[in-house]
Amino acid sequence: MTEAAITTVASAPDPDLVTVLGEGRLHAAVQEALATGPAVPNNLPAGPATPQDHPAGPATPQNLPAEPATPKDHPASAAFPEDLTAGPGGGVIVVVSDADDVRPYPAVARCAAGRGVPWLPVRVEAGWALVGPAVRPARPGCPTCVGRRRAGNRPDAVARDALRARWAADLDSRPSALLAPLVSRTVAALVADEVYRLRHDPGSARTVGALLKVRLTTAAVRRHPFLPDPLCPDCGARPDDGPHSGRYVPRPAPKPDPGTFRVSGISGRGAELEQRFVDAETGIVQALIAEERGGGPIAVARLSPARTEHESHHGYGRSDDFASARATAVAEALERIAGIHPRSRRTTVRAAYVDIADHALDPRTLGLYPDDWYDQPGFLFTRFVPERPTTWVWAYSFARDAPVLVPESYAFFGPRPADDLGFAYECSNGCALGGHPAEAILYGLLEVAERDAALATWYARMPIPRVDLGSAADRRIPMLAQRVRDRLGYDVHAFAALLEQRVPVFWVMAVDALGRPDRPRALCGSASHLDPERALRRALEDLAPMLAGHAERYDPASSARLAADSDEVRLLEHHPLAYGHPDAAGRLGFLPLGGSALTVAEVAARVDWPGHDDLCADLAELAGRYLAGGLDVIAVDITSPEARACGLYAAKVIVPGTMSMTFGHRYRRVHGLPRLLSLPRLLGYLDRDLRPAELNPYPHPFP
């Protein structure tokens with residue numbers, strides 16, 4: 001932020017001082033309003049509110065508070081800057097501009113911090129007057145936080161960047177022609193009331209944790225709440241990372257009953273989550289959209305749509321009711337942002353692996369690429385050199401029962417600096433959110449199990465057993481499959497992908513029953529859960545809306561191109577699109593569509609999951625199944641301040657030696673993983689290990 005030259009705020013031994021900086025019509029109106037006392041419309045909400053317009057109207061006796069503060073609280077002087085003697089309470093600095101000028105903010109922030117008083121920015125942007133957010137001493141949340149949120153959410157964000165790049169000087173200095181005297185007095189009355197609240201009852205101030213917008217043409221007022229941005233360069237203060245971040249101490253996590261695998265449900269918290277996180281301008285989630293697709297509800301929580309490069313980066317919720325789908329979408333959005341960059345701690349360890357090997361994860365156990373791949377043009381990653389420094393974060397190793405360092409590029413999947421690109425493709429694989437640390441780790445490990453089972457089945461081409469959907473005790477399961485058949489014209493098949501840990505994972509596949517060339521031939525999906533029936537139902541709830549959207553977007557020519565050339569499969573959507581073509585769909589022939597099938601009860605018997613009253617015991621059981629096979633389970637605490645504020649936790653789980661989801665065939669991670677070659681033998685499908693050349697050479701089919 002560029003600083004403007006401003007008059008130094010007058011120093012005073014008395015901190016109970018209201019200082020107004022600026023010039024112009026709005027500045028004069030604020031000065032006058034402060035001199036006569038706070039005056040705002042009665043119909044403007046005092047607390048949090050949705051951002052609908054609240055008509056303000058002119059400041060008249062009919063719509064002002066019944067008992068405004070007396071003028072003696074705010075006597076003004078004519079000097080610049082204006083020092084307004086205050087009554088009981090703390091001082092406030094107000095900086096006002098008739099234009100879109102934020103240049104004074106850094107200097108004002110330093111001055112307010114030095115005096116230990118709050119400050120309030122007021123400026124005009126296009127057809128709106130912006131009031132706030134109020135900045136309070138030693139508390140996060142500032143105009144830069146709001147600016148960062150708005151830059152990600154506003155549809156015109158990119159255009160505004162271009163506009164400011166060319167006309168910044170004019171925008172900073174040219175007063176708005178829409179700033180009429182009437183609306184100036186309305187804004188000023190609002191500012192005066194905010195100053196009074198900040199001095200006497202800060203918790204009631206509308207601009208604490210929010211931006212107020214006043215439409216210059218109508219004087220309608222909107223309130224946009226926001227949460228402080230922990231990555232804000234001006235007010236973000238993340239603590240240093242350290243071994244303490246890699247400690248996991250189980251604490252009680254009682255469950256409602258042994259068959260429930262969460263400490264509490266999230267669907268009943270939908271209204272709370274939406275109020276806290278969703279706002280079109282300043283929310284973590286810009287919009288929450290729900291609709292029916294494929295016969296079932298689907299919701300999308302849009303994250304920074306102005307800056308998001310791919311639709312998969314948003315939060316999605318699919319369920320059998322809209323309330324659950326909406327709440328799940330917001331929760332997944334929180335999980336997404338938690339996994340991009342460290343939001344609750346600052347990375348402090350940068351070292352070569354050889355220097356920290358005794359307490360660090362060896363990246364070579366995660367599946368790297370053949371050495372010559374790193375020299376390919378445009379390859380996005382750098383080869384691992386044990387002597388070359390990289391950044392590390394602390395995590396918890398279940399095998400060591402101790403903190404361990406893992407490469408930051410595996411723990412967080414956000415963009416990397418040019419000098420530390422990371423060694424292999426990583427995404428949100430293994431990220432999960434929960435109401436307890438053990439819950440977040442458990443569901444992160446279940447996602448690892450799901451991706452590992454599906455990908456290992458694909459690359460080893462294991463003929464996993466078919467499952468009889470009609471055998472499910474939960475009758476919604478066969479009904480979901482029949483609904484896909486009736487509405488979309490696809491037969492649904494399910495397969496049990498149980499690996500050596502016996503985690504309930506199902507591969508589901510929809511196959512076109514009509515045989516038309518303008519329709520995708522097949523679509524695959526997967527899901528996991530400790531309860532086999534819930535895993536199967538979740539897989540089907542996900543499949544139907546995905547199939548409906550896939551069929552709407554299907555392009556036979558693009559599908560043929562991707563099926564003919566695997567190197568053209570570069571994006572997430574390319575993977576399922578390739579298998580819409582009959583030539584590629586034939587690659588799924590190793591899955592048995594006929595013959596005998598397992599019942600869901602038989603799958604549950606193979607899983608043999610014991611009943612527990614505490615979720616920590618479920619996590620210990622699941623992690624123990626991996627440890628028994630020689631695989632470590634590593635949990636990274638990625639809980640963001642935003643999630644923690646509503647009692648949620650997030651984890652990224654890494655299991656070295658397992659298969660990780662990747663998108664783009666050239667970035668598949670199948671090398672240096674001996675377990676992948678052994679699985680067909682261990683599971684009884686072959687009497688020997690596979691040779692690397694026998695692995696499936698084609699892109700996986702999963703979205």
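Observations on the structure shown:
- Its DSSP H runs of at least 4 residues, each contributing -39,500 (n - 2.57), put the calculated 222 nm mean residue ellipticity of the chain at -9500 deg cm²/dmol, to the nearest 500.
- Within the assembled protein chains, the solvent-accessible surface assigned to Arg644 is about 110 Å², based on a 1.4 Å probe.
- Projected over all directions and averaged, the alpha-carbon convex hull of the range 249-339 occupies 7.7 nm².
- Cβ-based net charge around Pro118, under 11 Å, with every Lys or Arg adding one and every Asp or Glu removing one: +4
- For the range 380-465: rounded, prolate or oblate by the Cα gyration tensor [a/c cutoff 1.5]: oblate
- List Ile634, Ile266, ordered by accessible area with a 1.4 Å probe, largest first: Ile266, Ile634
- Read-out volume of the Cα convex hull per residue in Å³, derived from the coordinates shown; its label in [x] 199; [y] 185; [z] 162: [y]
- Short-range pairs are left out: with C-alpha atoms under 8 Å and at least six residues apart, the relative contact order of the chain is 12 percent.
- Centre separation in Å (Cα based) which lies between the range 378-443 and the range 499-518: 30
- For Cys235, the solvent-accessible surface with a 1.4 Å probe is about 30 Å², rounded to the nearest 10.
- For Val349, distant residues with modelled amide H under 5 Å away: Trp392
- Note that the range 578-594 has calculated 3J(HN,Hα) couplings of 4, 8, x, 7, x, 4, 7, 4, x, 5, 8, x, 6, 7, x, 8, x Hz, one per residue in order, obtained from phi through the Karplus relation 6.51 cos²θ - 1.76 cosθ + 1.60 (θ = phi - 60°); glycine and proline are x.
- Pairwise centroid distance, computed over Cα atoms, of the range 237-263 with the range 586-619, Å: 27
- Per residue accessible area in Å² of the chain, where ligands, DNA and RNA are left out and the probe is 1.4 Å: 40
- Fraction of beta bridges assigned by DSSP in the chain that are antiparallel (%, nearest 5): 85
- Solvent-accessible surface ranking, highest first, for Met546, Met659, Met479 at 1.4 angstrom: Met479, Met546, Met659
- The fraction of accessible area contributed by carbon and sulfur in the chain is 54 percent, rounded to a whole number (1.4 Å probe; ligands and nucleic acids excluded).
- Rounded to the nearest 20 debye, dipole of the range 457-607 from Cβ charges on Lys, Arg, Asp, Glu: 280
- Percentage relative contact order, the range 483-628, counting C-alpha pairs under 8 Å, at least six apart: 20
- Tilt relative to the chain, helix 437-460 - C-alpha long axis, 0 to 90 degrees, to 10: 40
- Per-residue SASA entry for Val102, accessible area with 1.4 Å probe, Å² rounded to 10: 40
- Net charge dipole size for the chain [Lys, Arg +1 and Asp, Glu -1 on Cβ; Debye, nearest 20]: 440
- Relative protection proxy for 344-351, 389-396, from highest mean packing down: 389-396, 344-351 (other beta-carbon atoms within 10 angstrom).
- Prolate is the label for the range 494-614, because a/c, from the alpha-carbon gyration tensor with a ≥ b ≥ c as root eigenvalues, is 1.5 or above and a/b exceeds b/c.
- Length-normalised contact order for the range 249-339 - Cα pairs under 8 Å, 6+ apart - percent: 25
- 0 to 90° range, to nearest 10: angle between helix 181-200 axis and the chain longest Cα axis: 80
The values are calculated or read from the model by the stated rules, or taken from the named source; none is laboratory data. Quick caveat: nothing in here was measured; it's all calculated off a predicted structure. Cβ sites come from the backbone with ideal geometry, for glycine too, and all protein chains shown count toward neighbours. Heavy atoms of the whole protein, side chains included, go into the accessibility calculation; ligands, DNA and RNA do not. Shrake-Rupley method; radii C 1.70, N 1.55, O 1.52, S 1.80 Å.
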